[in-house]
Amino acid sequence: MLNSDSLRVYSAQSNNRIGTYFRSKEFDCTDGSPYTFVSTKLLSVLTLIRVKTNLPIYIMSGYRTPEYNSKIGGHIHSYHQAGMAADWTFGAKYNTVEELYLHIDDEYLHQTWLGGLGLYASRNFIHFDVQPRIDGKVKVWHG
Ligand SMILES: [Zn+2]
């Protein structure tokens, strides 16, 4: 894999297909921002999980403007603001984040661009971001 990332910009509400499985509007900020940013590395990690599990991925939160991120209490340095993060779920088929996580192999994820992994059990979603790794490790937290 190339060690580079690039940010793609899309018009909000556009139905552009990005990669095989996603559309740019799935990553729109819900505050009405005219633009949506999506990192190619993030798209790559989400696509690998989609292919590995053969399950649809529902993006709950992708790009966020700094204003929107602040309004919803997001971390001040949230990678959502850079188009480098997504909160997602497989949907109603799974009851808990732990159940979701069973379908994701740590070793497998280590081979991807994943930099941050947040497990939000009470809200039943997983946060992926492609922040740079420190000491080669994926940063994991429970929300
Ligand atoms: Zn997130």
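When restricted to residues that are within 15 Å of the ligand (Cβ to nearest atom) and modelled with pLDDT under 80, region 78-100 contains 2. Here R64 meets each of (1) loosely packed, with under 13 Cβ neighbours inside 10 Å; (2) near the ligand (Cβ under 10 Å from one of its atoms) with one exception, condition (1). Listed by first and then second residue, the pairs with beta-carbon distance under 8 Å, at least 6 apart or on different chains, first residue in region 115-143 and more than 11 Å from the ligand (Cβ to nearest atom), second modelled with pLDDT of 90 or more and of a type in the set (S, T, N, Q), are G115/Q131; V130/S39; K139/Q131. The residues of region 123-143 that are farther than 22 Å from F27 by Cα, in a loop (DSSP other than H, G, I, E, B) and in contact with a helix residue (DSSP H, G or I) (Cβ under 9 Å, 6 or more places away or on another chain), listed by number, are G136, V138. Give the number of residues within region 60-82 that are under 12 Å from T30 (Cα atoms) and of a type in the set (A, V, I, L, M, F, W, C). Here the count works out to 2. Residues of region 6-43 that are surrounded by 17 or more Cβ atoms within 10 Å (Cβ to Cβ) and more than 16 Å from the ligand (Cβ to nearest atom): Y10, A12, I18, F22, S24, K25, T40. Just checking, does region 102-109 include any residue being out of contact with any Asp or Glu (no Cβ under 8 Å at 6 or more places or on another chain), within 17 Å of Q131 (Cα to Cα) and either at pLDDT 95 or above or within 15 Å of the ligand (Cβ to nearest atom) (or both)? Scanning region 102-109, I find no residue that is out of contact with any Asp or Glu (no Cβ under 8 Å at 6 or more places or on another chain), within 17 Å of Q131 (Cα to Cα) and either at pLDDT 95 or above or within 15 Å of the ligand (Cβ to nearest atom) (or both), so the answer is no.
The values are calculated or read from the model by the stated rules, or taken from the named source; none is laboratory data. Predicted, not measured: the structure shown is a model, and the values here were computed from it. So basically every Cβ, Gly included, is an ideal-geometry build from the backbone, and we count neighbours across all protein chains shown.
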